[in-house]
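*Asks:* This is the structure, below, for whatever I ask next.
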Amino acid sequence: MAVRKHPYITTLCVLLILSGVSIFIGVGSLSWDNPNAMQVLMISRLPRTAAVLLTGASIAVVGVIMQLLVRNRFVEPSTTGTTEAAMLGLLAVAILAPGWPIIAKMVVASLASLLGILGFFFLTRRLPPQQPLLIPLVGLIYGGILGAAATFVAFQADMIQFLGIWMTGEFSGILAGRYELLWLAGGLAVIAYFTADQFTVAGLGRSASLSLGLPYGQVLALGIVTVAVVSALVVVTVGMLPFIGLVVPNIVSRLMGDNLRESLPVVAGMGAGLVLLSDIIGRVARYPYEIPAGTVFGVIGACIFLWLLLGRKSYA
Amino acid sequence: MISVNGLSHTIGPAKILDDINLQIAPGGVTALIGPNGAGKSTLLSVVSRQVPAQSGEVSLDGADMKRIDHAALALRMAVVAQDVGVASRLRIRDLVGFGRWPHAKGKPSPKDADIVAQALAQFDLTALADRFLDEVSGGQRQRAFVAMAYAQDTDWLLLDEPLNNLDLRHARRLMSELRNLAQNAGKSILIVLHDLNYAISWADHIIALKDGRVAFAGETQDVMTSRTLSALYETDVSVMAKDGKTFVWHHN
């Protein structure tokens, strides 16, 4: 397979092709004879493509970080309550302080998802390590409970439609000026790349990390904060995109292992590529209407996830 | 020199270590023996600061362990834990390479690469170097973790039951390499062993634990006797000599 031999070049080529396709698909044509072409490009197409790439890359990166820190292949922020906790935070702001600027909402959502992820770590620390599948199961139940709480609050406050927006990741509303927070998520993913070795060592477990002189607590804290902030940013700007953070790291791990220094660029690229592909399919399938990218990938991702669960070899 | 003074440790209701006082001399192989649940692994993890000392003090060359920072300690002491169950999929070469991490901090020099290559060769892993950890056997994985600690090149090397899963050839080879490191490179080795024959054949010093206390400690030939071992394991154990070699017999 080409990915195995030239992982970086393959990833880059696929991303370039998909980005090209994404830029030229849409109701307004981008031909020379359209006087508004430049405007369409700068205000809608480029921002949308950038938003998709940033989202896909950063959620795949936090997915792999979370998997290394929890030391379990089957977790990601959207299956462990982190995303639901961010939604609860957003609901709280929407009800208690609706006038706050987007940045303040962002901070509250990040803090809420931080609490959510800490709750998940607290719960899973008590689970027996011999039962690796218990961790994702507990995560799903925990996320379900938080999600139910969010639905209840939203229902009482007549805000169900907000919840709907946050729960379905989609990019149709992305215009210049409405997605720039995602650059922050991208920046965090880049920072994660510079600490890739630390996360790889942390993935060997606490004991090996301490023996190698890694400040394990600090790396854990850095990882948790990165995961929480990126999850919150993505929920606030585009909504929840399930399975990307789960499926992509698993595929890349099978192809090239878990040495993040090597694999993180491919994880980011594959995440970006898959979300972009889902977005393109969503835009073309019922043209000129759109299907949310989150829904498209929900279908693809669920199938890949089942295949990973059932078709895995001896390693988990 | 590692000194342990008045160390006690409880986990839940169980008193695992009870007022341990010990000196572990540098330069030599010290074997930690004792029945299951005697506190060997706990002692090793407190001495290596994987677990903080609850009461009492552990010092390394006169300095309180608590005051040595992580990065500095990793240059002086390497630890191979008993449970190396790993979820991550690393190539064996990369894993052993992480043994150089405390020195290189992510920028390995040619010297680091040489040490890694030598560690791979030393533990018979060169042919497996590009395999992933989850694609090799338990014994091979165990050897990879020992090789990582070896590549860390510290004065102290602490190993918790490293012979688990190892076949006779590789177990012997590991013990002889540890012995060689102690004798010729001045390294100090503390190793938890279950097989008394490995202890009596390769260790210079013995520390025997029972019920969280030191049952006996000293030079191997002085303290490993039929009487002390029988009492330690509450089983008839005889120490015999044949052709100038001593060995331990406890089968019928």
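*Asks:* Take each complete run of DSSP H in chain A, measure how far its Cα atoms stretch along the helix's own axis, and keep only those covering 15 Å or more with mean Kyte-Doolittle hydropathy at least -0.5; list them. Show your work: numbers first, answer last.
*Replies:* Working: long enough: A:7-24 (26 Å, 2.01); A:46-70 (36 Å, 1.82); A:82-96 (21 Å, 1.85); A:102-124 (33 Å, 2.16); A:134-156 (33 Å, 1.79); A:181-194 (21 Å, 2.08); A:216-237 (32 Å, 2.14); A:244-256 (17 Å, 1.56); A:260-285 (37 Å, 1.20); A:293-311 (26 Å, 2.16).
Membrane-span-like by this rule: A:7-24, A:46-70, A:82-96, A:102-124, A:134-156, A:181-194, A:216-237, A:244-256, A:260-285, A:293-311.
*Asks:* Compute the acute angle (0 to 90°) between the alpha-carbon long axis of helix B:138-151 and the principal axis of greatest extent of the alpha-carbon atoms of chain B; round to the nearest 10°.
*Replies:* 80 degrees
*Asks:* For A:Leu140 and A:Asn36 in one chain, what is 0.36 nm times their gap in residues minus the Cα-Cα distance, to one decimal in nm? Intermediate results must be reported in sequence, preceding the final value.
*Replies:* Working: separation 104, 0.36 × 104 = 37.44 nm, distance 4.68 nm.
This chain segment gains 32.8 nm when fully extended.
*Asks:* Counting other C-beta atoms within 10 Å, which of A:Val299, B:Val214, A:Val201 has the fewest, and how do the rest follow? Mind showing how you got there, number by number?
*Replies:* Numbers: A:Val299 12, B:Val214 20, A:Val201 24.
Ordered from fewest to most neighbouring Cβ atoms within 10 Å, A:Val299, B:Val214, A:Val201 come out as A:Val299, B:Val214, A:Val201.
*Asks:* Could you please state, rounded to a whole Å, how far the C-alpha centre of the stretch A:30-109 is from the C-alpha centre of the stretch A:239-316?
*Replies:* 16 Å
*Asks:* Here is a follow-up. Could you line up A:Ser44, A:Ser263, B:Ser176, A:Ser278 from fewest to most neighbouring Cβ atoms inside 10 Å? Walk me through the numbers on the way to the answer.
*Replies:* Details: A:Ser44 18, A:Ser263 22, B:Ser176 12, A:Ser278 28.
Ascending number of Cβ neighbours within 10 Å: B:Ser176, A:Ser44, A:Ser263, A:Ser278.
*Asks:* Mind giving me the FRET efficiency for B:Ile11 and A:Gln131? R0 is 25 Å, r the Cβ-Cβ distance, nearest 0.05 is fine.
*Replies:* 0.75
*Asks:* Could I ask something else about it? In percent, how large is the relative contact order of the stretch A:2-311, given Cα pairs closer than 8 Å and 6 or more residues apart?
*Replies:* Taking the mean separation of contacting Cα pairs over the length of the stretch A:2-311, I get 31 percent.
*Asks:* Once fully extended, how much extra length lies between B:Ser137 and B:His251, figured as 0.36 nm per residue of separation less the alpha-carbon to alpha-carbon distance?
*Replies:* 38.1 nm
*Asks:* Note down the net charge around A:Gly139, summing +1 for each Lys or Arg and -1 for each Asp or Glu among other residues with Cβ under 11 Å from its Cβ.
*Replies:* Working: positive: none; negative: A:Glu76, A:Glu84.
Net charge around A:Gly139: -2.
*Asks:* To continue, here is another question. Taking the simple approach of a point 7 Å from Cα along Cα-to-Cβ for both A:Trp100 and B:Ala113, what is their distance in nm?
*Replies:* Once both label points are built, they end up 5.2 nm from each other.
*Asks:* So what is the 222 nm mean residue ellipticity for the protein assembly as shown from helices alone, if each DSSP H run of at least 4 adds -39500 (n - 2.57) and you divide by all residues, rounding to the nearest 500 deg cm²/dmol? Don't jump to the answer; show the numbers that get you there.
*Replies:* On the way: 24 runs with 311 residues, N = 568.
After summing the helix terms and dividing by the residues of the protein assembly as shown, the value is -17500 deg cm²/dmol.
*Asks:* With springs connecting C-alpha atoms under 10 Å apart, model chain A as a Gaussian network and identify which of A:Ala232, A:Ala268, A:Ala202 has the largest mean-square fluctuation.
*Replies:* A:Ala202
*Asks:* By how many degrees, 0 to 90 and rounded to 10, does the Cα axis of helix B:168-184 deviate from the longest principal axis of chain B?
*Replies:* 90 degrees
*Asks:* Label-point separation (nm) for B:Arg172 and B:Arg213, each offset 7 Å from Cα along Cα-to-Cβ?
*Replies:* A separation of 4.0 nm, rounded to one decimal place.
*Asks:* With an 8 Å cut-off on Cα pairs and a minimum separation of 6 or more residues, tell me the relative contact order of the stretch B:143-218 in percent.
*Replies:* About 28 percent, as a whole number.
*Asks:* Checking the a/c ratio against 1.5 first, then a/b against b/c, what shape does the Cα gyration tensor give for chain A?
*Replies:* It is oblate, given that a/c is not under 1.5 and a/b is not larger than b/c.
*Asks:* I would also like to ask the following. Among A:Ile95, A:Ile165, A:Ile280, which one shows the highest mean-square fluctuation when chain A is modelled as a Gaussian network with alpha-carbon springs under 10 Å?
*Replies:* The residue with the greatest mean-square fluctuation here is A:Ile95.
*Asks:* Follow-up question, since we're still on this one. Pick from A:Leu137, A:Leu212, A:Leu260: which is most flexible by mean-square fluctuation in a GNM of chain A where alpha carbon atoms under 10 Å apart are linked?
*Replies:* A:Leu212
*Asks:* Still on this model: Give me the distance in nm between label points sitting 7 Å out from Cα along the Cα-to-Cβ direction at A:Phe121 and A:Ala176, one decimal.
*Replies:* Label at A:Phe121, label at A:Ala176, 4.1 nm between them.
All of the numbers you see were taken from the coordinates with simple rules; none came from a lab. These numbers come from a predicted model, not from an experiment. When we count neighbours, we look across all protein chains shown, and the Cβ atoms used for this are built from the backbone with ideal geometry, even at glycine.
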